[in-house]
Amino acid sequence: MIERVYAGELSPEMDGEEVSIAGWVHEKRKLGGLLFLLIRDRSGMVQVTLPKKFVPAEVFELAKNVSKESVVVVRGRLQAMDKAPGGVEVIPSQIEVLSSAASPLPLDPTGKVPANLDTRLDHRVLDLRRPRVAAIFRIRARALKAAREHLTREGFIEVHTPRIISTASEGGTELFPISYFEREAFLAQSPQLYKQMLMGSGMDRVFEIATYFRAEEHDTIWHLNEVTAIDCELAFISSYEDVLRVIEGLIRAMIREVREHCAKELELLGVELKEPPERFPRLSYEEVLALLEEEANLKLPFGEDLTTEAEKKLGELMRRRGHELYFVTRFPLEAKPFYTMPAPDNPELSASFDLEFKGREIISGSQRIHDYDLLVQRIKAKGLRVESFSSYLEAFRYGMPPHGGFGMGIERFLMLLLDLPNIREAVLFPRDRHRLEP
RNA sequence: GCCCUGGUGGUGUAGCUCGGCCCAUCAUCCAGGACUGUCACUCCUGGGACUCGGGUUCAAAUCCCGACCAGGGCGCCA
């Protein structure tokens, strides 16, 4: 490894020490006999100061001519200096250019000139050099680490199910066809059916951090064609209420971790995170319809899923009551996929739920049907072909415990958590209707 | 799938309503020069653009048509 310290590790107490720093030339300011370079690495920035009279002539020339965003290693003496940003500066004895950046840059990493999201995504590597952008992905990593640790502590086993599948897992959403040797196959739209099959295996509790592929031609700030989700499934539940408790614990663990370990990143993004309550409110679908009619003058027909307008209005009503996170439960059975358990007290309704965050759906889940005959009946009722589900159905013939679970969109969670204006901000290299590169 | 909006230097923009005063504005950027405490350094000189094709007109960045590209809303959903 090239020996170096991070900019963030330098402090005025190290005055006089010889140091090496490595990073990108963020900015360059020439004042005749005095030259400043700002060097950026993943920890932050440090100023390199070159007084013409006190540094070697060839070092001064090199620094004067190095292009912005070139990668350099700077060796020199660290000096405490009030006038320098961060209170320290490096007086170099040697500068090595490891990689010279071409010019002009397609994007300005200092952010002085704004760029459209589309331009930024076209040049995502340069975009990610902006500390504000990088902060999103540090938070993402931290939130996922917390999710893994929390679920593992709660007895969940992390699994990986196939991304290549032979047929539709749920019907509904469009699938991407791929060529699988002499056959046609598809990219998985969700791990749903495999998670359930594992409930028959005796694993009891599983989770997967899974990629979903959806071939829908949606074109919004809220949809992607490749998304990542935290998928959980747990067996021997008494009702979907057991699943809701897992979700509350998970969300709380993720937010707590980010609050505790990402203060700097949150500050860069200008976000203040509130500690979520231990229990999130539960509103049934029927209560939501009544509430919207009474308080938002919005009448929805029974039987359909909530419209985007209804969701947003509900979010506004709940915000005024002090709630950002809440469950909507007991959706009409017909609006839900075939594997959804009917409500025990009303065959029109289902044992299902969504978690809403600031007026948007980030989690969808339910208790699942574990009875073979009922499952077959529901597949037929949805107009699907029972034969396509034979390997899935087999898991229900030889002992399947009651179970339920959910899927949580990570990008959606991050978008709402950090108030990002577009879901693409929460993915390194997003895939949408038009974008396949980079 | 349906609907709406937009495309001007590398980047972000002004100009378009009401065609001519536009061999196109400003900032950043790039090149050269002056400057020893900058921190969006400052100042001087120079460089760089009307998405493409067709039409209307004496005259098109500006009006019309088409294509391509992009942004957004709805539906669907994570």
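Values quoted throughout were computed directly from the atomic coordinates according to the rules given, and no laboratory measurement underlies them. All values derive from a computational prediction rather than experimental measurement. Methodologically, a virtual Cβ is constructed for each residue, glycine included, from the backbone with ideal geometry; neighbour enumeration extends over all protein chains shown.
Couple of notes before you dig in:
- With θ taken as phi - 60° and the Karplus curve 6.51 cos²θ - 1.76 cosθ + 1.60 applied, the whole-hertz 3J(HN,Hα) list for segment A:140-151 is 4, 4, 5, 5, 5, 4, 4, 5, 4, 5, 5, 5 Hz, x standing for glycine and proline.
- Amide H contacts of A:Leu428 (H built 1.01 Å from N, under 5 Å, at least 5 apart or other chain): none
- Taking 7 Å steps out from each Cα toward its Cβ at A:Glu267 and A:Leu428 produces label points 2.7 nm apart.
- The base-10 log of I(q)/I(0) for chain A, evaluated at q = 0.12 Å⁻¹, reads -1.02 [Debye formula, identical scatterers on Cα atoms, solvent excluded].
- Inter-label distance for A:Ala215 and A:Lys83, nm, one decimal - labels placed 7 Å from Cα along Cα-to-Cβ: 6.5 nm
- Euclidean distance between Cα centres, segment A:162-224 to segment A:314-366, Å: 22 Å
- Using a simple spin-label model with pseudo-atoms 7 Å out from Cα toward Cβ, A:Glu61 and A:Asn346 lie 8.3 nm apart.
- Computed FRET value (nearest 0.05) for A:His160 with A:Gln377, which takes r as the C-beta separation and R₀ as 30 Å: 0.45
- Across segment A:358-373, coupling constants 3J(HN,Hα) worked out from phi with the 6.51/-1.76/1.60 Karplus curve, θ = phi - 60°, read 6, x, 9, 7, 10, 9, 9, x, 5, 7, 9, 6, 10, 8, 4, 5 Hz, and Gly and Pro carry x.
- Local net charge near A:Arg42, Cβ-Cβ under 13 Å (Lys/Arg +1, Asp/Glu -1): +3
- Rounded tilt (10° steps) of A:285-295 against the dominant C-alpha axis of chain A: 70 degrees
- Estimated FRET transfer efficiency (A:Glu294, A:Ser11; beta-carbon r; R0 60 Å; 0.05): 0.50
- Chain A - mean residue ellipticity at 222 nm from DSSP helices (-39,500 (n - 2.57) per run, n ≥ 4, rounded to 500): -8500 deg cm²/dmol
- Applying both filters, DSSP loop and at most 16 other Cβ atoms within 10 Å, to the chymotrypsin sites (Phe, Trp or Tyr not before Pro) of segment A:10-94 gives A:Phe54.
- In segment A:122-185, the chymotrypsin sites (Phe, Trp or Tyr not before Pro) that fall in loop regions by DSSP, at most 14 other Cβ within 10 Å: A:Phe181
- Segment A:257-345: GluC sites (Glu not before Pro) in DSSP coil with no more than 15 other Cβ atoms inside 10 Å: A:Glu272, A:Glu278, A:Glu304
- Ordered by the count of other Cβ atoms within 10 Å of each Cβ, fewest first, A:Cys262, A:Cys232 give A:Cys262, A:Cys232.
- For segment A:28-36, the Karplus equation 6.51 cos²θ - 1.76 cosθ + 1.60, evaluated at θ = phi - 60°, returns couplings of 9, 10, 9, 10, x, x, 10, 9, 10 Hz by residue, with Gly and Pro reported as x.
- Relative contact order (%) - chain A, alpha-carbon pairs under 8 angstrom, separation at least six: 13 percent
- In terms of other Cβ atoms within 10 Å, A:Glu248, A:Glu184 run from fewest to most in the order A:Glu184, A:Glu248.
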